[in-house]
Amino acid sequence: QVQLVESGGGSVQPGGSLSLSCVVSGVMSRIRYMGWYREGPEKERKFVATVTENGIPIYGDSVKGRFTISRDSAKTTVYLQMNSLKTEDTAVYFCYIDLFGGESAWGQGTQVTVSS
């Protein structure tokens, strides 16, 4: 059974930092991509970052230079280090995985609030 569990969300002032984690279980040998999307007040889920099967990070334009994605070699955990946070980064952050064969799975989401 596939399970993704996020942690690390919270509240921070603009310019601050937060770190998210997502622990994956059930399908590590079939994982192709691991990454993050976010859903803000507009309720549209937008791409944040992903790390490919070869360990290459890819970032959305709005977070380049501020966020860093990484994962462990066993593909059990994916991380998102968020620095220089802005109010527009406020969103629910969802961890996801893409599997070989075309399936995908999502976590339940964790709230990140950036406010002064």
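The values are calculated or read from the model by the stated rules, or taken from the named source; none is laboratory data. Computed from a predicted structure; not experimentally measured. Glycine also receives a Cβ, built like all others from the backbone with ideal geometry; neighbour counts cover every protein chain displayed. When the accessible area is computed, the model is the full protein with side chains, heavy atoms only, and any ligands, DNA or RNA have been set aside. Shrake-Rupley method; radii C 1.70, N 1.55, O 1.52, S 1.80 Å.
Table for the structure above
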item: Where the Cα pairs of the chain fall when distances are cut into 10 Å bins, in %; result: 15, 50, 29, 6, 0
item: Amide hydrogen neighbours beyond the local backbone of Thr90, cut-off 5 Å, H modeled; result: Val114
item: Aspartates and glutamates whose Cα lies under 19 Å from that of Lys64, excluding same-chain neighbours fewer than 8 positions away; result: Glu39, Glu88, Asp89
item: Under the Karplus curve 6.51 cos²θ - 1.76 cosθ + 1.60, θ = phi - 60°, whole-Hz ³J(HN,Hα) for the stretch 80-90, x wherever Gly or Pro sits; result: 9, 8, 10, 10, 6, 5, 10, 4, 6, 7, 4
item: Antiparallel DSSP beta bridges within the chain, percent to nearest 5; result: 95 percent
item: Net charge over other residues, Cβ less than 14 angstrom from the Cβ of Gly101 (K, R count +1; D, E count -1); result: -1
item: Sequence ranges 60-70, 29-39, ranked by mean other-Cβ count within 10 angstrom, highest first; result: 29-39, 60-70
item: Amide proton proximity set for Arg32, modelled H, under 5 Å, gap of 5+; result: Asp98, Leu99, Phe100
item: Accessible area per residue in Å² at 1.4 Å probe, computed on the chain; result: 51 Å²
item: Portion, in percent, of the accessible area of the stretch 1-74 that falls on carbon or sulfur, probe 1.4 Å; result: 47 percent
